[in-house]
Amino acid sequence: MGRFLHLGDLLLTRYLRRYHRSQMRLRSGFGMHPSPAPARRYLLYIHVPFCESLCPFCTFHRRSLERQLAQRYFKALKRELQYYRDAGFDFAEVYVGGGTPTVLPDELGVTLDLVRHWFRISRLSVETNPNHLCPPTLEVLKQAGVNRLSVGVQSLDDRLLDEMERLRAYGSSASILERVESALGRFDTFNVDMIFNFPHQTMRSLRHDLRTLKDLAVDQISYYPIMPATGAGAPISSRMGRVEFNRERAMYHTVMDALMPDYQPRSAWCFSRQIAPIDEYIVDHDEYLGIGSGSFSYLNGVMFANTFSMERYLELTARSQPAVSAYRALSLREQIRYDFLMRLFGLHMDKTFMSDKYGPNYRRALSTGLLLFKLLGALVETDQEYRVTPEGRYYWVLMMREFFMGVNRLRDQMRTQIPGR
Ligand SMILES: C[S@@+](CC[C@H](N)C(=O)[O-])C[C@H]1O[C@@H](n2cnc3c(N)ncnc32)[C@H](O)[C@@H]1O
Ligand code: SF4
């Protein structure tokens, strides 16, 4: 049975890799910009690409912190926000991701104050690193109205933290735990980002981390599978080694078995002790606007990417011009498939949501997928919705891993715009 499942996972991985390789390409599009639908309130994603130390496994758009440049960047963010406010956008929620948004906490605080002054924001989520869980920064975040704070821990194994070059930069397991404890209870949701399937991570080390986090009773744990920058088996660094996907299913089940029933899945890889306000913003929001260099937006079936070049970003925003530099209009079938993936990554797909958005024929675009996953026992159908079964959750881990690895390739494509690379 195990061998059969593994073969199925392998075939699905191959199919998806080919699919995303052919689909995920952007066209050059300087001067393009997203427009709002009337009376719609969106999620605003703000990207802050600076980090104090760059982790070798990380595939996000990030660069080493230069304080003066970061100060100019926060000014540019405000100008870009003003551009979209003048264009008629309204926002109900904000997600600040990175990079490390808290590298200049006061600048972040001022930016969030402005966002809250201009828009009626009900939920505000910020990402950070363990070394920033200190009283002054926590106070700035609290004053700025942050409801959900998410800290990147990755692992509580000092050997692995050392390999991923985080031990010196972001602290040892003991200091991380101390800092996490000091921040618990200060926000509606305190999330910890963890990763499983690092090449040198053992089951024992994974189980130890899971026990420790459960004992701490953090509100929410996001356990990502490692998603390397290039194809299967590529080394993430000479010290970290090669990623093998054949352990991923067993490791995911170890995570699920350890966390449940105290934690309930809110998405295939996010587990919460309570009904948390924000998980992955792409699950709770089918459309969003991204600002900042290297951010993506998805609106009305079109994917937009802001320039990855810092110089170009500062130039464009200084002239009050949109910072979009590439885009892709998805076909109707692709849009339906995108929603199928995202909704079911959130473990439910509401039939009314889909038919209101696409008409009753949306099922035709999904017929093979719906049939296949039902036959595999991964999906059940009720009058109102499709729901992922506990046995089916791993398929959405695998599919999202391939989707994000496709996004990593898009980022590579976008990085070619950075001068002098
Ligand atoms: C992009 S970081 C930004 C926040 C902060 N700088 C940090 O390190 O947590 C957010 C999270 O993405 C996850 N992440 C980054 N690169 C990843 C990869 N290649 N595979 C899986 N997860 C990854 C990590 O768990 C990280 O905590
Ligand atoms: S994981 Fe976080 S700290 Fe490390 S490089 Fe990526 S964004 Fe920066």
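The values are calculated or read from the model by the stated rules, or taken from the named source; none is laboratory data. Because the structure is a prediction, the values reported are computed rather than measured. Cβ sites come from the backbone with ideal geometry, for glycine too, and all protein chains shown count toward neighbours. Areas reflect the complete protein model, heavy atoms only, side chains present, ligands, DNA and RNA absent. Shrake-Rupley method; radii C 1.70, N 1.55, O 1.52, S 1.80 Å.
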Output the residue which, of all residues in the stretch 185-201 that are touching a helix residue (DSSP H, G or I) at 6+ places or on another chain (Cβ under 7 Å) and open to solvent by 20 Å² or more (accessible area, probe 1.4 Å), is farthest from ligand 2 (Cβ to nearest atom). R186
Just to check your reading of the model, which residue among G152, G185, G145 is closer than 26 Å to R120 by Cα, touching a strand residue (DSSP E or B) at 6+ places or on another chain (Cβ under 6 Å) and either outside any helix (DSSP H, G or I) or not hydroxyl-bearing (S, T, Y) (or both)? G145
Could you please find all residues in the stretch 82-97 being without any contact (Cβ under 8 Å) to a residue 60 or more places away in the chain and either open to solvent by 10 Å² or more (accessible area, probe 1.4 Å) or away from ligand 1 (no atom under 16 Å from the Cβ) (or both)? R85, D86, A87, G88, D90, A92
L104 meets each of (1) open to solvent by 10 Å² or more (accessible area, probe 1.4 Å); (2) out of contact with any helix residue (DSSP H, G or I) (no Cβ under 6 Å at 6 or more places or on another chain) with one exception, condition (2)
Among residues of the stretch 21-59, those that are part of a loop (DSSP other than H, G, I, E, B) and of a type in the set (V, I, T), counted: 1
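Conditions tested, residue by residue: (1) closer than 22 Å to V126 by Cα; (2) in contact with a Ser or Thr (Cβ under 6 Å, 6 or more places away or on another chain).
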site	(1), (2)
M164	no, no
V180	yes, no
D193	yes, yes
M203	no, no
I236	no, no
M240	no, no
E244	no, no
M260	no, no
Report yes if G290 is open to solvent by less than 10 Å² (accessible area, probe 1.4 Å) and at positive phi, otherwise no. no
Residues satisfying the stated conditions in the stretch 112-133, i.e. open to solvent by less than 20 Å² (accessible area, probe 1.4 Å) and farther than 21 Å from L81 by Cα: T128, N129, P130, H132, L133
Please determine, by comparing only the residues of the stretch 60-78 that are open to solvent by 20 Å² or more (accessible area, probe 1.4 Å) and within 13 Å of ligand 1 (Cβ to nearest atom), which one is farthest from T416 (Cα to Cα). L65
So P136 ticks every box in (1) outside any loop (DSSP other than H, G, I, E, B); (2) open to solvent by less than 30 Å² (accessible area, probe 1.4 Å); (3) under 17 Å from V103 (Cα atoms); (4) more than 14 Å from ligand 2 (Cβ to nearest atom) but one. Which box is left unticked? (2)
G109: within 23 Å of the chain's Cα centre (by Cα), free of Cβ contacts under 8 Å to residues at least 40 places away in the same chain and crowded, with 17+ Cβ neighbours inside 10 Å, yes or no? yes
Those residues of the stretch 15-67 which are in contact (Cβ under 8 Å) with a residue 40 or more places away in the chain, within 14 Å of ligand 2 (Cβ to nearest atom) and among the small types (G, A, S) amount to S53
Anything in the stretch 107-146 that is modelled with pLDDT of 95 or more, farther than 22 Å from P49 by Cβ and among the polar types (S, T, N, Q)? List them, or say none. Q143
Hey, can you tell me all the residues within the stretch 202-232 that are part of a strand (DSSP E or B) and within 16 Å of ligand 2 (Cβ to nearest atom)? S222, Y223, Y224, P225
(1) in a helix (DSSP H, G or I); (2) touching a helix residue (DSSP H, G or I) at 6+ places or on another chain (Cβ under 7 Å): which one isn't true of M349, the others all being true? (1)
